[in-house]
Every structure is written in C-alpha cells, then in structure tokens.
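Coordinate-derived values only; no laboratory data. Bear in mind the structure is a predicted one, so any value in this text is a computation, not a measurement. Virtual Cβ from ideal backbone geometry, glycine too; neighbours counted across all protein chains shown.
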Amino acid sequence: MSANLGGSPTTSLNGDVLRTSTNNAPDGVGGSPTTTQTTTQLVVVGAGGHGRELADIVRAAAAVDLDAHELLGVVDDGAPDRPLLARMGLRFLGRLDAVIDRPVGLLLGVGDPDTRAALDRGTDFADVPSIMHPTATLGSESELGAGAVLAQGVHVTTNVRIGRHSHINVGSTVSHDCRVGAYVTVCPGVRLTGNVTVGDGVFIGASATVLPGVTIGTGAIIGAGAVVCTDVDEATTVRGVPARPVILL
Ligand SMILES: CC(C)(COP(=O)(O)OP(=O)(O)OC[C@H]1O[C@@H](n2cnc3c(N)ncnc32)[C@H](O)[C@@H]1OP(=O)(O)O)[C@@H](O)C(=O)NCCC(=O)NCCS
C-alpha cells in the first residue's frame, strides 16, 4: 500500500471491509477489525458518468497497489454507451444479474443515494473494500466503511468516519471529527468543516460548505453552493447562502 493511501483494508467481524488509518479501529463502526487483507475482484455497478468515474478511480488505485483489487468490468441494466466503454478499455459484463451470485465485490457507481442504498440491500454483498484514488488522503484515526469511495484530490483529516457506500467526490475536504453516514453523496468541491454530522442518504451539491458542528438529517438535500450554518432536518432540501429550506408552493 502506498504511503499516501493512509492504511490497509481490513475485514470487520460483521463482514464489512473497512479501511482504517491505523490497525486499531475505534469501537462503534463495524466491530473490531482483524488484519486480514485479500485481493478482491471488483465490478462497478452502473456505466453512466458516475460509474465511469468510479472505474477510473478503481484502476488508478489498483495501479499503485497491485495486490489490493482488480477491476473486472462494469454492469448496467440500462443501455450503456458501449463504444465509449470500449474506448476506455472497460469490459461491459451485461446486467447486474450476470454477476450477482459471483464472488466479486460490487462497487455502486450511481450518484443517487437512494439508488445506492437499494442496490446494496438488493445485492446483500458485504465483502467490498473502500476505494481511494492515489491522490486522496486519509488522516490518522479515520476510517472508511465498505464500498466507500474517495475520489481524486479528496482530503479527509483526523478522526473522521465515513459510512458504507458513501462517495466523496473530486476535490472535497472532510475535516476533523466528522461523522458521515451510509450512502451519502458528497459532490465535487464540498467543504465539510470540523465536527459535522451527516445522516444516511444525504446528497450534498457541488461546492457547498457546511460550517462546524452542524448536523444534517437523514435524506436531506443540500443545494450546490450552499453555506449551511444551522442544522438541517431530515428529508429537507436547503439551498443558498445562508442555506434555507426550499418552500414547496
Ligand atoms: C437545490 C436543488 C436540489 C434544487 O433542485 P430543484 O428543486 O430541482 O430546483 P430547480 O432547478 O427547479 O430550481 C428552482 C429554483 O431554485 C433555484 N436554484 C436551484 N438550485 C439552486 C442552488 N443550488 N442555489 C440557489 N438557488 C438554486 C433556481 O434558480 C430556481 O429559481 P427560480 O424559481 O427563481 O427560477 C438543486 O438545484 C441543486 O443545487 N442540486 C445540486 C446539483 C449538484 O451539485 N450536482 C452535482 C453533480 S456532480
């Protein structure tokens, strides 16, 4: 594992593969990890823009850590742009059904949090690693849940937890003591400052900033460019500076 990747994937007692910045994961996320590391064959689910970005991240990570995992290809139940996939050197493996019973790790290459949650429930496949692009960093005492993704140039600092299948996209930062739930989508250029809590299934639009100590409730949506100064209720959309709930007429 290259030094700037910030640690090795480990397997927790409940089967989730965690990446921690030390070998001693704190209590409370997925149980106590062992030090087992296995090479995992991975398939990206979804061949749209998000899935193709994710495939690039997997290949970049594999290029610097040849023992960690191998990308077999992508699956998609829709009609992907197969010539584009071919030009990218990405193997199209067909529909999700084609791989669902195979011993491969499924990385969920769709941007919508609810869709990722539904796919995860539908596949019931726990043994999937977290993925970090080589230009991403993970600070001390921080950990990533199974299937979590840090894209190019993401910086996660110290004592941060990022939940299962949450995606932190290009150039975002997640500062000290943040707690990010499962199936969260953080779009490019977001700033989560210190001590921010983000509930499961939250979508944070591009270039939003969340100020220290703010809690964002489960399923909330944060508009692009918003500056979130106060807590956001569950399933609420906010936007603007300062961010205010969208009033539906
Ligand atoms: C806030 C958001 C969720 C609202 O979505 P929506 O309800 O479909 O919004 P609409 O496009 O119908 O726009 C409704 C109004 O809000 C305004 N608006 C939309 N997004 C806004 C934003 N981020 N900040 C401020 N105003 C916004 C629109 O201009 C429009 O104003 P108007 O009624 O005066 O014309 C969405 O616009 C957004 O910001 N999504 C994030 C997208 C993103 O970052 N994607 C990155 C993918 S990598």
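In this simple spin-label approximation, Val64 and Leu248 carry label points 7 Å from Cα along the Cα→Cβ vector, and these lie 4.3 nm apart.
Treating r as the C-beta distance of Glu234 and Ser207 and R0 as 25 Å, the FRET efficiency rounds to 0.60.
What net charge do the residues around Asn169 carry, taking every other residue with its C-beta under 15 Å from that of Asn169, with Lys and Arg at +1 and Asp and Glu at -1?
Working: positive: Arg52, Arg116, Arg191; negative: Glu53, Asp56, Asp112.
In short, 0.
Within the shell defined by Cβ-Cβ distances under 15 Å, the residues around Arg244 carry a net charge of -1, with Lys and Arg each +1 and Asp and Glu each -1. Taking a ≥ b ≥ c as the square roots of the eigenvalues of the Cα gyration tensor, segment 114-239 is oblate, since a/c reaches 1.5 or more and a/b is not larger than b/c. Compared with the direct C-alpha span, the chain from Ser140 to Thr115 gains 5.9 nm at full extension, assuming 0.36 nm per residue. For the listed peptides 49-59, 138-148, a ranking on the average number of other beta carbons within 10 Å per residue, highest first, reads 138-148, 49-59. For a Förster distance of 22 Å, can you work out the FRET efficiency between the beta-carbons of Arg91 and Thr123, rounded to the nearest 0.05? Efficiency, from the Cβ-Cβ distance: 0.70. For Phe92, Phe203, the sequence from fewest to most other C-beta atoms within 10 Å is Phe92, Phe203.
First measure r as the distance between the Cβ atoms of Val227 and Asn195, then evaluate 1/(1 + (r/R0)^6) with R0 = 22 Å and state the FRET efficiency to the nearest 0.05. The computed FRET efficiency comes out at 0.85. The residues packed around Val74, meaning those with a beta-carbon under 9 Å from its beta-carbon, carry a net charge of +1 if Lys and Arg are +1 and Asp and Glu are -1. For Gln41, the residues 5 or more places off, or on other chains, whose built amide H falls under 5 Å of its own are Glu70, Gly105.
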